[in-house]
Amino acid sequence: MKLKDITNPCMLQDAEMGDMEELARDVRDEIVRTVSRNGGHLASNLGAVELTLALYAVFDFPWDQLVWDVGHQCYTHKLLTGRYDMFGSLRQTDGICGFPRCDESPYDLFNTGHSSTALSAALGLAHARDLKKEKRHVVAVVGDGALTGGMCYEALNDIGSERTPLIMVLNDNGMSISGNVGALSNYLTYMRTSKGWQKLKRGMAKLLRKIPLIGNQLHDVFLRFKDHVRNVFVKDTFFASLGIRYLGPIDGHDIRAMKRVFHRAAEMNEPVVVHVMTRKGEGFRPAEERPQDYHGTPPFDVETGECTETGGISFGETASRRLAELAEKDERITVITAAMTYGTGFSCFEQKWPKRIFDVGIAEEHAVTLAGGMAKGGMRPVVAIYDTFMQRAYDQILEDVCAQQLPVLLLLDRAGISGADGASHHGVFGTSYLRAMPGMTVLYPRCPEELCDMIDWALQQEGPVAICYPRAAEKKIPSYLHKAYQPCKWETLKQGQDGCILAVGTMCVNALEAAAQLEKENIHIRVVHASCVNRMDETLLKELNEAHIPVFTAEENVLPGGFGSAVAEYCLQNQLSAPAYLFALRDEFIPHGDRKLLLERQGLDANHMTNIIGLRVNK
Ligand SMILES: Cc1ncc(C[n+]2csc(CCOP(=O)(O)OP(=O)(O)O)c2C)c(N)n1
């Protein structure tokens, strides 16, 4: 059976095992081919091929309901559910999304992208099902990495006490993005490898098969009751103590074995965990060998596995190197990451200071309060987390850091439109959610060099500082001279007297381009980098007001609560003229696609700025 033959995923329910295996090969080829062109989450998807096929062979989706945790492993699911023909557009502007999107297909039941939500959503669906007296199965697929996230425990606690029937498929590959961390990960390893049981299982199977005439039948009976026997030898104290039945562990690349266990789980009228062991990157050698590099990958050459795209200088790696240097002189500096040491560029710090970096798993809330505790204990913690995932820790930043004026430095990577990963991954609310926090200083560097100066400054402060930056520097950034950073003294990048653009971070490039275009029309625009979005350069704003120079703001954050709003608030309260226009992202969820194109659609490109400014200056 080939992917092109699948007109409805329910065809898998009657498929022969040989057909399923052929299909698995076809799916893998398609995933490798497409991701090598478009980039994407390769290793996680290759690991979940057979698991997805087995789920579709047993359950009747979308009548039965399926929720993917994080959702980065859903490519097989998309290929089976009517999106094979458009799979080539994966992650591209107006193409299909790399994560489940309800607006894309009825099979994508629940939007995901941020980790550890599937169990809560599944329990909600199960409650709704029971209240409506419907008969359907609810299935959540959760990775062992996702299981380090606190929400999972809140859900398990609830599921165990409610005893609401649902099936949690634990997709355990021993990896998060890097190797998984934490005590629960150790527990899962114990469940997988418990030696006494493995030895007994092998011995019993051999022995039974040797018995003449009835040996094979006895062997089948043994397989059927294996889980009961197993529980005598390997005590599942964790899930059992929560009131959740445990089945497994089973080989997540053995479709037949998985089908058997899923059928069993479906017959149970109670919450069940099916522990499935998979291998990240299965079937594509480079991803099997280096699953971390192929977790999320840019385009690559299928023959060699080598990347075919190179990015600019990484802000995260720059921060990591600077902090590794500073840590030599300042013993108080520590770094905290949330399962993203690699993604945030902190591998360099980790190599140099392995005892001073703490990877807490996918636990952003814990990471921030942990930093609060460390700061209270006299350290200078730096928390490196993606802008979008830091949203999780809103309350912890507010209560456990700001309200106590603790010197915690937050580094928010991937600020702005992230591009191909889409709505759940854009870091476009950072200014809005941080700016309202008393005592917080929020900075956006325009280049990696400025980031270093900001870090130096931040570590001298007695209160919290957040520095937000994109993945990598743009090539066109004007040169920067190192200096002692001052948040309320914004840097003029170009002079002009007909108007002034106050551009934040990444927007400096487009603002300078717009100013250059306007120069040709004899309109002279000053461009200023507003590097701090919640402390104003009061001298500058008053000076512009007195000279009647119209002010424009430009930022890669949503308009509500953004930097433009901050300037407008300041102007109103201080009886200055309000800004002439606020260039910012619209108040909506921005889809995935090419960053440049998305910025254009949002009116944040140089041409749009040129048009608006041309109309609003008095010339
Ligand atoms: C709240 C949040 N923090 C961080 C991430 C980034 N992230 C995406 S996948 C992933 C690892 C997930 O590991 P696991 O659930 O085991 O899935 P696998 O990739 O191993 O299949 C992480 C940390 C995220 N998506 N959401």
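Within region 571-586, is there a residue that is more than 26 Å from the chain's Cα centre (by Cα), surrounded by fewer than 18 Cβ atoms within 10 Å (Cβ to Cβ), outside the structural domain of Gly419 (by TED's automatic domain parsing) and under 18 Å from Lys494 (Cα atoms)? If you could, list the steps in order and put the result at the bottom.
Step one: of region 571-586, the residues more than 26 Å from the chain's Cα centre (by Cα) are 571-583.
Subset that is surrounded by fewer than 18 Cβ atoms within 10 Å (Cβ to Cβ): 572-575, 577-578.
Filter again for outside the structural domain of Gly419 (by TED's automatic domain parsing), leaving 572-575, 577-578.
Okay, now just the ones that are also under 18 Å from Lys494 (Cα atoms), so none.
No, because not a single residue in region 571-586 is more than 26 Å from the chain's Cα centre (by Cα), surrounded by fewer than 18 Cβ atoms within 10 Å (Cβ to Cβ), outside the structural domain of Gly419 (by TED's automatic domain parsing) and under 18 Å from Lys494 (Cα atoms).
Can you confirm whether Ala484 is in a helix (DSSP H, G or I) and out of contact with any Lys or Arg (no Cβ under 8 Å at 6 or more places or on another chain)? Criteria not met by Ala484.
Of all residues in region 301-310, none satisfies being within 16 Å of the ligand (Cβ to nearest atom) and touching a Lys or Arg at 6+ places or on another chain (Cβ under 9 Å). If you go through region 487-501 and pick out every residue that is aliphatic (A, V, I, L, M) and either touching a Leu at 6+ places or on another chain (Cβ under 8 Å) or part of a loop (DSSP other than H, G, I, E, B) (or both), you end up with 1. Evaluation of Leu481 against the conditions (1) assigned by TED's automatic domain parsing to the domain that holds His425; (2) modelled with pLDDT under 95; (3) of a type in the set (A, V, I, L, M) shows that the sole unmet condition is (1). Counting only strands (runs of 3 or more DSSP E) wholly contained in region 328-420, the ones carrying 3 or more residues that are away from the ligand (no atom under 15 Å from the Cβ) occupy 333-337, 380-386.
Here region 174-186 is the region considered, the condition is being in a helix (DSSP H, G or I) and crowded, with 16+ Cβ neighbours inside 10 Å, and the residue that is nearest to the ligand (Cβ to nearest atom) is Ser185.
When residues in region 517-553 are screened for being small (Gly, Ala, Ser) and either more than 15 Å from Cys488 (Cβ to Cβ) or outside the structural domain of Gly496 (by TED's automatic domain parsing) (or both), 1 of them pass. The set of residues in region 36-66 that are within 18 Å of Lys135 (Cβ to Cβ) and either within 12 Å of the ligand (Cβ to nearest atom) or β-branched (Val, Ile, Thr) (or both) contains only Val58. Once region 421-475 is narrowed to residues that are in a helix (DSSP H, G or I) and hydrophobic (A, V, I, L, M, F, W, C), the residue that is farthest from Glu325 (Cα to Cα) is Ala423.
Yes/no per residue for (1) within 22 Å of the chain's Cα centre (by Cα); (2) surrounded by fewer than 22 Cβ atoms within 10 Å (Cβ to Cβ):
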site: Thr431; (1), (2): yes, no
site: Glu450; (1), (2): no, no
site: Ala458; (1), (2): no, no
site: Leu481; (1), (2): no, yes
site: Ala484; (1), (2): no, yes
site: Cys488; (1), (2): no, yes
site: Thr492; (1), (2): no, yes
site: Gln497; (1), (2): no, yes
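Among all residues of region 506-523, there is at least one that is modelled with pLDDT of 95 or more, of a type in the set (Lys, Arg) and assigned to a loop (DSSP other than H, G, I, E, B).
Checking the structure you have, find out if any residue of region 80-99 is among the charged types (D, E, K, R), on the phi > 0 side of the Ramachandran plot and away from the ligand (no atom under 13 Å from the Cβ). Within region 80-99, one or more residues are among the charged types (D, E, K, R), on the phi > 0 side of the Ramachandran plot and away from the ligand (no atom under 13 Å from the Cβ). Screening region 161-173 for residues that are more than 19 Å from Met191 (Cα to Cα) and in contact with a helix residue (DSSP H, G or I) (Cβ under 8 Å, 6 or more places away or on another chain) and picking the one that is nearest to the ligand (Cβ to nearest atom) gives Leu166. Of all residues in region 333-382, those satisfying the criterion of being surrounded by fewer than 23 Cβ atoms within 10 Å (Cβ to Cβ) and aromatic (Phe, Trp, Tyr) are Tyr342, Trp353, Phe358.
State which residue is farthest from the ligand (Cβ to nearest atom) when the search covers only region 132-153 and only residues that are touching a strand residue (DSSP E or B) at 6+ places or on another chain (Cβ under 8 Å) and aliphatic (A, V, I, L, M).
We begin by selecting, within region 132-153, every residue touching a strand residue (DSSP E or B) at 6+ places or on another chain (Cβ under 8 Å); these are 136-145, 147, 152.
If we keep only those that are aliphatic (A, V, I, L, M) too, we end up with 138-142, 147.
Details: Val138: 19, Val139: 16, Ala140: 12, Val141: 9, Val142: 7, Leu147: 7 Å.
Ranking the qualifying residues of region 132-153, first place goes to Val138.
Among the strands (runs of 3 or more DSSP E) contained in region 524-619, which hold 1 or more residues that are among the hydroxyl-bearing types (Ser, Thr, Tyr) and in contact with a helix residue (DSSP H, G or I) (Cβ under 8 Å, 6 or more places away or on another chain)? Step through it out loud before you land on a result.
Numbers: elements: 525-529, 551-558, 581-585.
Hits in region 524-619: 551-558, 581-585.
In this structure, is Met507 closer than 19 Å to Tyr570 by Cβ and aliphatic (A, V, I, L, M)? Judged against the criteria, Met507 is a match. Within region 266-291, the residues that satisfy the criterion of being surrounded by 19 or more Cβ atoms within 10 Å (Cβ to Cβ), under 24 Å from the mean Cα position of the chain (by Cα) and either part of a loop (DSSP other than H, G, I, E, B) or within 14 Å of the ligand (Cβ to nearest atom) (or both) are His275, Val276, Met277, Thr278, Lys280, Gly281, Glu282, Phe284, Ala287, Pro291. With respect to the stated conditions, Gly603 fails to be under 30 Å from Cys97 (Cβ atoms), small (Gly, Ala, Ser) and touching an Asp or Glu at 6+ places or on another chain (Cβ under 8 Å).
For first residues located in region 283-303 and at negative phi, partners that are basic (Lys, Arg) and away from the ligand (no atom under 14 Å from the Cβ) and lie 6+ apart or on another chain with Cβ distances below 8 Å form the pairs Phe284/Arg28; Pro299/Arg37; Val302/Arg33. Selection of region 233-259 for residues being of a type outside the set (A, V, I, L, M, F, W, C), assigned to a helix (DSSP H, G or I) and in contact (Cβ under 8 Å) with a residue 24 or more places away in the chain yields Arg256, Lys259.
Among the residues of region 112-131, which ones are aliphatic (A, V, I, L, M), within 16 Å of the ligand (Cβ to nearest atom) and surrounded by 22 or more Cβ atoms within 10 Å (Cβ to Cβ)? Break it down into steps so the answer makes sense when it comes.
Within region 112-131, the first condition is being aliphatic (A, V, I, L, M), and the residues that meet it are 118-119, 121-123, 125-126, 128, 131.
Next cut, within 16 Å of the ligand (Cβ to nearest atom) only: 118-119, 121-122.
Hits for region 112-131 are Ala118, Leu119, Ala122.
The values are calculated or read from the model by the stated rules, or taken from the named source; none is laboratory data. In this text, all values refer to a predicted model and were calculated from it rather than measured experimentally. When we count neighbours, we look across all protein chains shown, and the Cβ atoms used for this are built from the backbone with ideal geometry, even at glycine.
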